[in-house]
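The block underneath contains the structure these notes are about, expressed in structure tokens.
Readers should treat all values here as calculations from the given coordinates under stated rules, not as data from a laboratory. The model shown is predicted, which means the values in this text are computed figures rather than measured ones. Neighbour counts run over all protein chains shown; Cβ positions are idealised from the backbone, glycine included.
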Amino acid sequence: MDESAQRVLEYLTDVEVAAEDVLADKQQIVDLDLRRNRNREALNALRNHPANDKVQVCFGNMFIRFPPENSKSMILKDQEQLDKEINDLRAGLKAKVNRLNQIQGKPDLRGYNLSPLNSNEMKAINSLIKK
Amino acid sequence: MAAQVATTKVPEVRDITRIERIGAHSHIRGLGLDDALEARQVSQGMVGQLAPRRAAGLILEMIKDGQIAGRAVLIAGQPGTGKTAIAMGIAQSLGPDTPFTAMAGSEIFSLEMSKTEALSQAFRKAIGVRIKEETEIIEGEVVEIQIDRPATGTGAKVGKLTLKTTEMETIYDLGNKMIESLSKERVQSGDVITIDKATGKITKLGRSFTRARDYDAMGSQTQFVQCPEGELQKRKEVVHTVSLHEIDVINSRTQGFLALFAGDTGEIKSEVREQINAKVSEWREEGKAEIIPGVLFIDEVHMLDIECFSFLNRALESDLSPVLIMATNRGITRIRGTNYQSPHGIPIDMLDRLLIIATSPYTEKETRQILKIRCEEEDVELSEEAHTVLTRIGQETSLRYAIQLISTAGLVCRKRRGTEVQVEDIKRVYSLFLDESRSSQYMKEYQDSFLFNETQTTQMDTSK
């Protein structure tokens, strides 16, 4: 293979790797959100459950009868962890999408790196935007 | 190939409303430069004026890079040499994201606001602020809504809402408030909705394509959308560009929301502006906002008076200042509001700050080209001889007059059911409508029969 073909191949590999990275993270977020929603459903179910009755909790491939209080706190902790992970992934995803754009020679997205206005500031601006 | 950027991650960019004058320069689509910034003879509606266009291109590059703010450019030249066309070209090439405000020098003279207020507002309209909105939303297609009403008829309702995306499906327990807003929005299964996590506001995006055949009778406003992809709980980022003036208006409390309706904002207190400036620079330091210095174009700038010029001098020094482009067709004339003469009717100290681009009259070939472009723009077919005659008229009278004749001749041609404008049509409109020099000639010959004529003709004083 001559040199230019080699270079093109390398470049395309670079792009594909970066793209794959972005896609993997996106899928990861979807999976985590799926778990988060399941946990939320569980919490709702626990709320309507009598407090003195034990509930069946599924660990891996085993069901264990567990007091509702404990399972609730467990799920809540899991939820927190999930929220954090999703946020971290989203933050990382930005840099990765940027890198992908850079490799492909696309211009940076406008206003991509801005931090958002808070809700109060947004409320003021909204009257302007949604007229 | 490469991954589609996550929909949740693509900031939408909202265009700002651009104020453009239509008509005489509607055929201009850009400056017509190549990559090396060399002007092409005929391109994007621009003809000739190579050096001025090249100069404008250089300035355009600097504006795009955000390198020059608080600078001013003057486009000077005889009437009908393409000054406004060049400014329009700059505006078109800047793209929708850079604010471009065009005004005529005389616009500042209004009874409702002072001259400096009008200028301040124009300045601030030409400065964009880019901000980002971030919201956590739940977005999905409604699979099922189930609402249980208590048997007694009163008391809290409970319910369940099943939402799905292409990847997942989940059930939400609904409280009383949520049920109310769902029924208020008339959400039914098959709708694609978003719920703002912070406010609980529900927005209907449309109906899912998969449910398109549920009913045959469908209102025309029913919109069909794809079932959302990915996660249910998304983060949505939207980038907005607003002008400083718009922020001023919403914060100018005395006006309240009335100001937005009337379109007439009146005067804005300088304290309000200072507050906004402080807020915006605070945002900029926190990384919440980007300033986009835009372009303020003042046509017929000789109409400004000495006070305005000294105001401009000062305003250009402020750190929130756009690029100022001015155009004038005056030579050495009196500065308005003084008895002093100055080139272009602009004080020397102001001129000293300007980059001056000079335009020169069009050659015969260029005139011909411009007329051809205008014919296409106005949808008038011109025969070869008529084109030559019109070019001749354009050279001998003025380009503007020749352009005026195009549409009128087109009309005459259509009246006689012709498809192509012939020399006769041009002749006819030429006899019907006088150009400036023939009109003056007529005046001189028949001035005795007009009312209020003064026998000594005084030259028009254009400096007042």
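Please state the shape class of segment B:117-210: rounded when a/c is under 1.5, otherwise prolate if a/b exceeds b/c and oblate if not, all from the C-alpha gyration tensor. In terms of gyration-tensor shape, prolate. What is the calculated FRET efficiency for B:GLU445 to B:PHE224, with r their C-beta to C-beta distance and R₀ = 60 Å, to the nearest 0.05? Efficiency, from the Cβ-Cβ distance: 0.25.
Would you mind classifying chain A by shape? Square roots of the alpha carbon gyration tensor eigenvalues, ordered a ≥ b ≥ c; an a/c under 1.5 is rounded, otherwise it is prolate if a/b is larger than b/c and oblate if not.
Taking the square roots of the gyration eigenvalues as a ≥ b ≥ c, chain A is oblate.
The simple spin-label model puts a point 7 Å past each Cα toward its Cβ; for B:ALA212 and B:SER310 those points are separated by 6.9 nm.
Taking the Cβ-Cβ separation of A:ASN118 and B:LEU111 as r and a Förster radius of 41 Å, what is the calculated FRET efficiency to the nearest 0.05?
Once rounded, the FRET efficiency stands at 0.50.
Provide the net charge surrounding B:ALA55, with neighbours chosen by a C-beta distance below 14 Å and charges set as Lys +1, Arg +1, Asp -1, Glu -1. Net charge in that neighbourhood comes out at +2. For the pair segment B:373-390 / segment A:87-111, the C-alpha centres are spaced 51 Å from each other. Remark: mean inter-chain Cβ contacts per residue of B:229-242 equal 5, using a 10 Å Cβ-Cβ cutoff to other protein chain atoms. For chain A, the 222 nm mean residue ellipticity estimated from helices alone, with every DSSP H stretch of n ≥ 4 adding -39500 (n - 2.57) and the total spread over all residues, rounds to -25500 deg cm²/dmol.
Angle of helix A:68-103 to the longest C-alpha principal axis of chain A, folded into 0 to 90 degrees and rounded to 10: 10°. Considering only C-alpha atoms, what is the centroid distance from segment B:74-132 to segment B:280-342, in Å? Cα centres, segment B:74-132 to segment B:280-342: 9 Å. Taking one quarter of the surface of the C-alpha convex hull of chain B gives a mean projected area of 34.4 nm².
Placing a label point 7 Å from the Cα of B:LEU351 along the Cα-to-Cβ direction, the residues of segment B:69-91 with a backbone N closer than 18 Å are B:72-79. Placing pseudo-labels 7 Å out from each Cα toward the beta carbon at B:SER270 and A:ASN48 gives an inter-label distance of 6.6 nm. The overall shape of the protein assembly as shown, judged from the alpha-carbon gyration tensor, is prolate: a/c is not under 1.5, and a/b is greater than b/c.
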